[in-house]
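Trainee: Input: one structure, supplied below.
The values are calculated or read from the model by the stated rules, or taken from the named source; none is laboratory data. This one's a predicted model, so the numbers in the text were calculated from it and none came from an experiment. In this analysis, Cβ positions are derived from the backbone assuming ideal geometry, glycine residues included, and neighbour counts consider all displayed protein chains. Quick note on the areas: whole protein, heavy atoms, side chains included, nothing else; ligands and nucleic acids left out. Shrake-Rupley method; radii C 1.70, N 1.55, O 1.52, S 1.80 Å.
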Amino acid sequence: MSDLSRRLEKMKIPIDSDLQDLIPGFLENRQQDIQKLQAAMAAGDFDTIRTLGHRMRGDGGGYGFHMISEIGQAIEAAAQVKDRAEIATRVDALIDYLERIEVVYE
Amino acid sequence: MSESIVPQESGGPTTQEVDRRRLIHALVVEDDEDMRGLIVKVVQMRGHQVIGCGNAETAWTTYQEGSFSIVFLDWELPGMDGLELCRKVRSHPKGERSVIVMITARDQSDDLQAVLRAGANDYIAKPVTLDMLKVRLAIAEQSVRNIDRRYEAEDALREQQETVQDLKRQLNEKTQFRDLIGKSRSMGQLYAQIRDLAKVDTTVLIEGETGTGKELVARAIHFSSQRKAGPFIAVNCAGLTDSLLGSQLFGHKKGAFTGAVENQQGFFEAADGGTVFLDEIGDISPAVQTSLLRVLQEREIVRIGESKPRKVDVRVLAATHHNLSQDVTNGSFRADLLYRIRVARIQLPSLRERREDISLLVTSFLGQCSAVTGKPVDQVSREAMHALTSYAWPGNVRELKSAIESALISCKDTMIQVEDLPPEVLDSRVAQRAVLVDLPDEKSRMLAALDQAKGNRTLAARLLGMSRATLYRRLTELNLTLR
């Protein structure tokens with residue numbers, strides 16, 4: 001599978017239907033997180049990056065997006081050691097993930 | 001930042017399910033909007049009411065104003081942190097009834113100990129999952145139910161204790177009114193009469209044999225009336241000479257008579273605002289009767305040796321063992337005074353008219369006397385009690401009290417025996433038996449004993465000096481059939 005086709009492939013994420021009305025807001029907040037992370041990286045503000053990563057780690061799994069928790073944990077850890085490259089990789093991974101997911105309510 | 005959220009109609013349990021489970025009010029304190037929204041949603045899914053707060057300060061105000069059974073509390077908050085809020089909630093009067101669940105992503109080894117020390121019931125480490133939140137909420141609900149049950153049990157216990165106290169008080173009211181003791185119908189009527197007379201300010205004539213408790217009744221009326229804060233002065237009119245009684249009741253001016261060395265106020269002035277109890281009023285002289293009539297009519301007294309009347313506000317209660325109507329007929333008591341003092345009338349029953357109260361009185365006197373003497377006597381043998389209830393008690397309750405005091409002195413054990421009782425009480429039993437012994441044959445004696453005991457075979461057997469079984473046997477042998 002080519003990189004392009006893999007990137008276009010949608011990931012189906014099963015989510016509890018009780019959370020249906022919360023999910024659009026949750027995903028919108030993650031889009032905002034990406035902007036905040038990019039701005040913080042530009043400013044070298046590792047505290048903000050760590051806080052954003054910490055929150056993503058805490059929230060993602062609760063909504064059923066375990067990948068967001070994993071990415072958040074990695075961003076939090078990278079921010080603590082000020083590893084810019086790792087942070088950038090993880091932010092790209094988040095962008096990619098958010099583009100590819102397709103929520104399926106169960 | 002805070003938001004009020006009401007339960008959703010769809011998705012959650014039905015109204016009936018919530019009713020069965022009990023509606024819970026929950027407070028979610030979390031600065032992360034997404035996490036707060038998630039916990040609020042989980043609580044709503046269980047059909048509960050929930051309020052979400054973004055900081056501890058707002059949450060503390062909200063907590064104090066509401067009634068929250070469950071508090072979800074994030075540790076790391078801007079300003080006051082979750083641990084401090086947890087301590088504040090626990091120290092609040094309502095805090096004992098709240099289940100606190102701390103949530104944190106701190107990952108420190110001593111976190112659990114810290115939250116437990118702060119008073120939290122449970123601890124959730126982030127990242128959380130939806131299932132984890134649901135399970136921990138169910139556990140918190142169970143804790144709320146346990147707390148509810150504990151409080152319900154405590155409330156029920158308190159209610160039962162109050163009921164027991166009420167019943168005790170009601171029982172006490174039926175068996176006792178102030179210092180008067182008795183559960184007989186006549187005493188019940190007396191208590192009701194005293195309560196009625198305590199509400200008014202009329203003069204009352206208390207009649208009864210010696211020792212029936214006339215002064216106790218007067219005290220009960222006074223201390224149940226609106227005058228209870230005022231003085232209660234009891235005067236025994238029979239114990240004083242005519243001139244002395246007049247001086248004591250109304251007072252005198254210095255030099256009014258030999259020995260009047262000072263101006264002296266009398267009992268009526270001293271009792272201003274209260275009650276004067278005139279015991280043995282049938283024994284007062286015509287001169288004092290006239291002065292007394294003036295007090296009752298004009299509400300004023302004149303001190304001996306003075307001419308100026310003085311106003312007094314006194315309620316008069318009087319008592320006598322005389323038949324005052326008879327005294328009026330034979331001219332020794334003023335009719336107008338009798339009508340003034342007999343506005344209301346209490347007739348005290350003699351003790352032999354309320355024998356059912358004797359055991360209650362005996363128990364009460366035993367308790368009083370044991371406390372005074374330090375002798376731990378708290379029982380009366382059946383035979384002694386029988387003797388006490390059989391005796392005629394011409395001196396009434398006063399005589400009974402003396403008999404118990406005397407028996408207590410003689411008593412060698414914790415139980416009063418028949419031989420501890422005063423001789424007059426025993427003599428009456430001997431006299432009763434003597435009558436029976438005088439009868440010519442056993443059949444007559446048995447019939448007389450049964451007659452005397454009003455058909456009570458146990459009592460008849462005692463009078464005959466035999467056991468109940470022997471009495472039955474002899475009745476059969478003598479062919480005596482009783483209805």
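Trainee: Tell me which residues come under 5 Å, amide H to amide H, from B:L77 once H is placed; ignore anything under 5 positions away on its chain.
Mentor: Here the answer is B:G82, since their amide H atoms fall under 5 Å of that of B:L77.
Trainee: Now a separate question. Find how many whole Å separate the alpha carbon centroid of the range A:73-89 from the alpha carbon centroid of the range B:136-199.
Mentor: Comparing the Cα centres of the range B:136-199 and the range A:73-89, I get a distance of 70 Å.
Trainee: Taking every pair of alpha-carbon atoms in the range B:297-342, give the share separated by more than 14 Å as a whole percent.
Mentor: Summing the P(r) of the range B:297-342 above 14 Å gives 60 percent of all pairs.
Trainee: Given 10 °C and 1.306 mPa s, how large is the Stokes-Einstein diffusion coefficient of the range B:43-101 in µm²/s, with Rh as the Kirkwood radius over Cα pairs?
Mentor: 136 µm²/s
Trainee: Here is a further query. Within 10 Å of each Cβ in B:38-44, how many Cβ atoms from other chains are there, averaged over the peptide?
Mentor: 3
Trainee: For helix A:23-43, what angle does its Cα long axis make with the longest principal axis of chain A, in degrees from 0 to 90 and rounded to 10?
Mentor: 20 degrees
Trainee: Can you pull a Stokes-Einstein diffusion coefficient for chain B at 25 °C (0.890 mPa s), Rh from Kirkwood over Cα pairs, as a whole number of µm²/s?
Mentor: 81 µm²/s
Trainee: If the chain between B:L426 and B:E65 were fully stretched, how many nm would it gain, using 0.36 nm times the residue separation less the Cα-Cα distance?
Mentor: Gain on extension, B:L426 to B:E65, equals 122.5 nm.
Trainee: Oh, and also: Give me the one-decimal nm value for the distance between modelled label points at B:E159 and B:T373, 7 Å along each residue's Cα-to-Cβ direction.
Mentor: Those two pseudo-labels are separated by 4.7 nm.
Trainee: Given R₀ = 56 Å, what would the calculated FRET efficiency be for B:R178 paired with B:M132, taking r from the Cβ atoms and rounding to 0.05?
Mentor: After rounding, the FRET efficiency stands at 0.25.
Trainee: Something else about it: Per q in 0.06, 0.10, 0.11 Å⁻¹, report the Debye log10 I(q)/I(0) for the protein assembly as shown, using one uniform scatterer on each alpha carbon and no solvent.
Mentor: Each listed q corresponds, in turn, to -0.65, -0.93, -1.04.
Trainee: How many times 2.2 N^0.38 Å is the alpha carbon radius of gyration of the range A:2-106?
Mentor: Compared with the compact-globule rule of thumb, the range A:2-106 sits at 1.08.
Trainee: Going Cα to Cα from B:K311, which lysines come in below 30 Å? Please leave out same-chain ones fewer than 8 positions away.
Mentor: B:K199, B:K214, B:K228, B:K253, B:K254
Trainee: Once you place label points 7 Å from the Cα toward the Cβ at B:E306 and B:Q189, how far apart are they in nm?
Mentor: Here the answer is 4.4 nm between the modelled labels.
Trainee: Still on this structure, I have one more. Name the residues whose placed amide hydrogens come within less than 5 Å of the amide hydrogen of B:V29, ignoring near sequence neighbours (fewer than 5 apart) on the same chain.
Mentor: B:C53, B:F72, B:L73, B:D74
Trainee: In addition: Averaging sequence separations of C-alpha pairs under 8 Å and six or more residues apart, then dividing by the length of chain B, give the relative contact order as a whole percent.
Mentor: Normalised by residue count, the contact order of chain B is 9 percent.
Trainee: Rounded to the nearest 10 Å², what accessible area does A:Y105 show when all protein chains are kept and the probe is 1.4 Å?
Mentor: My reading of the accessible area for A:Y105 is about 80 Å².
Trainee: Taking amide H positions as placed 1.01 Å from N in the peptide plane, with prolines and chain starts having none, which residues 5 or more places from B:G274, or on another chain, fall under 5 Å of its amide H?
Mentor: The answer is B:R315.
Trainee: Here's a follow-up. Please give the helix A:46-63 orientation as an angle from the longest Cα principal axis of chain A, in degrees from 0 to 90, rounded to the nearest 10.
Mentor: 20 degrees
Trainee: Using θ = phi - 60° and the Karplus form 6.51 cos²θ - 1.76 cosθ + 1.60, what ³J(HN,Hα) does each residue of the range B:314-330 get, whole Hz, x for Gly and Pro?
Mentor: Values, residue by residue: 9, 8, 10, 10, 10, 9, 7, 9, 6, 8, 5, 4, 5, 4, 5, 4, 8 Hz.
Trainee: With each pseudo-label sitting 7 Å past Cα toward Cβ, what's the B:R90-B:Q417 distance in nm, one decimal?
Mentor: My value for the distance between the label points is 6.6 nm.
Trainee: Can I ask one more? Mind checking Rg over Rh on the range B:127-272, alpha carbons, Kirkwood formula for Rh?
Mentor: My calculation puts Rg/Rh at 1.44.
Trainee: Given the alpha-carbon gyration tensor of the range A:55-106, what are the semi-axes of its equivalent ellipsoid in whole angstrom, ordered largest first, with each equal to the square root of 5 times an eigenvalue?
Mentor: Computed over the range A:55-106, the values are 22, 13, 5 Å.
Trainee: Mean projection of the alpha-carbon convex hull of the range B:211-322 over all orientations, in nm²?
Mentor: Taking a quarter of the hull surface, the average projection is 7.1 nm².
Trainee: Working out 0.36 nm times the residue gap between B:Q326 and B:D166, then minus their Cα-Cα distance, what length gain in nm do you get to one decimal?
Mentor: 53.0 nm
Trainee: Normalised radius of gyration for the range B:164-239, please: alpha carbon Rg relative to 2.2 N^0.38 Å, two decimal places.
Mentor: Scaled against compact globular proteins, the figure is 1.17.
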